[in-house]
1. I need the full set of residues from segment 8-21 which are in contact with a Phe, Trp or Tyr (Cβ under 7 Å, 6 or more places away or on another chain) and within 14 Å of Ala67 (Cα to Cα), in order please.
2. Would you point out the residue of segment 319-337, among those that are in a loop (DSSP other than H, G, I, E, B) and within 15 Å of the ligand (Cβ to nearest atom), that is farthest from the chain's Cα centre (by Cα)?
3. For Trp282, indicate whether it is within 26 Å of Asn224 (Cβ to Cβ), of a type in the set (Phe, Trp, Tyr), more than 8 Å from the ligand (Cβ to nearest atom) and surrounded by 13 or more Cβ atoms within 10 Å (Cβ to Cβ).
4. Among the residues of segment 289-318, which ones are more than 14 Å from the ligand (Cβ to nearest atom), over 19 Å from Pro11 (Cβ atoms) and either within 20 Å of the chain's Cα centre (by Cα) or at pLDDT below 95 (or both)?
5. Could you list, in sequence order, all residues of segment 181-213 that are in contact (Cβ under 8 Å) with a residue 12 or more places away in the chain, among the β-branched types (Val, Ile, Thr) and assigned to a loop (DSSP other than H, G, I, E, B)?
6. For the condition surrounded by 18 or more Cβ atoms within 10 Å (Cβ to Cβ) and not hydrophobic (A, V, I, L, M, F, W, C), what is the one hit in Glu333, Glu268?
7. Taking segment 229-240, which residues are within 13 Å of the ligand (Cβ to nearest atom) and out of contact with any strand residue (DSSP E or B) (no Cβ under 7 Å at 6 or more places or on another chain)?
8. Limited to segment 177-224, what total is found for residues that are within 14 Å of the ligand (Cβ to nearest atom), closer than 21 Å to Asn126 by Cα and among the charged types (D, E, K, R)?
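The values are calculated or read from the model by the stated rules, or taken from the named source; none is laboratory data. Note that the coordinates shown come from a computational prediction; the quantities given were computed from them, not determined experimentally. All Cβ positions, glycine included, derive from the backbone under ideal geometry; neighbour counts span all protein chains shown.
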Amino acid sequence: MTTEQNISLKPFHFFASEEKCNFFTRIQNTSQVHESIKWCNENKYPILFIGSGSNVLFTQNFVGLIAKMEIMGIKKLNETASSLILEVGAGENWHHFVSYCVQKGWGGLENLSLIPGTVGASPIQNIGAYGVEVQECIQSINAYDTLNNTWITLPNKDCAFGYRTSLFKQVPNRYIITHVEFILHKQPKLRTDYGAIRDVLHDKGIKNPSLENVAAAVVEIRTNKLPDPKKLGNAGSFFKNPIISKDQFEVLDKNFPTMVAYPISNFEYKIAAGWLIEAAGWKGIRKGNVGCYEKQALVIVSYGIVSGKEIFDFSEEIIHSVYEKFKVTLEREVNVY
Ligand code: EPU
């Protein structure tokens, strides 16, 4: 294991703010996971594993070791006439992996095309888009359990997956994910029920879409609506869509009839946070080099040199203002350090 000292975190996260860390290392195999944890225990430093930094916000310098997960590889573990199981290294780029599966004709992940980040980060917040969540294709997860100092394989049912959450998010930094096992399908049931996908396919006159058509539709929708992190620093949705009680929904719905909401059970509704933020007047607002994206209010963007603290403070203002207007508390989806 080689460590570098006093390193700027700017190239390692999508907001590209200027914070630093004392130590930095790259993790390319499972023994380096163990070594880096041992090194931090011996030297009494905190350790933080990161992927490509697509969903993190650093609000201060990190006093400790940042370990960038770069374990690669896609291995076929099993194949039947209808499905196959792949073991994928945590450091693989998510979109490259999805595109590889689409090219091979293996379905299940196509609606999750173009989501930034790595394979190992995908289960942590159970990434989701256009009617699909990654948990639907996860068979199991290989991880190092830092509490019991042992390697474990967690089957899907033990991962506590929920909307933008999982065991790995609920008990942060306990499990270091090294590989994810996916189950994919050779005759996939394509999921085109999400309005935006239906509209793109309809506009193109595609009646019986292929796997490639669905993936291409998703890429088109995301490219049009979400900022390119290479041009504008951002971490995708900054907040989660809040879940509120049916009683609270009914009061809000009476006062704000255009509010976008979906029932998720007999007792709860999920509200489009983008709608709440826009209705509170934030869409397109810029303060210094931080702003609320003009095409999707759920995304906070950085326009240039900015500190993580400024981005955090801007998000606090949004939370307060949405609460004032709707009495709904927004929760951040990004991981703040
Ligand atoms: N809306 C507005 N104003 C806005 C944005 C959205 O009024 O500025 C309303 C629109 O009416 C729209 C509704 O909100 O119909 C939902 O918007 P959209 O389809 O863009 O989805 P979202 O709920 O804002 C979620 C995910 C996205 C994912 C899309 C598509 C969360 C927190 N975000 O956004 O995920 O791509 O659905 O499935 O659940 C991400 O997590 O980084 C991310 C981009």
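1. Leu9, His13, Cys21
2. Val328
3. yes
4. Listed by number, the list holds a single entry, Phe312.
5. Correct list: Thr192 only.
6. Glu333
7. Pro229, Lys240 - these are the residues of segment 229-240 that are within 13 Å of the ligand (Cβ to nearest atom) and out of contact with any strand residue (DSSP E or B) (no Cβ under 7 Å at 6 or more places or on another chain).
8. Going through segment 177-224 one residue at a time, the tally reaches 3.
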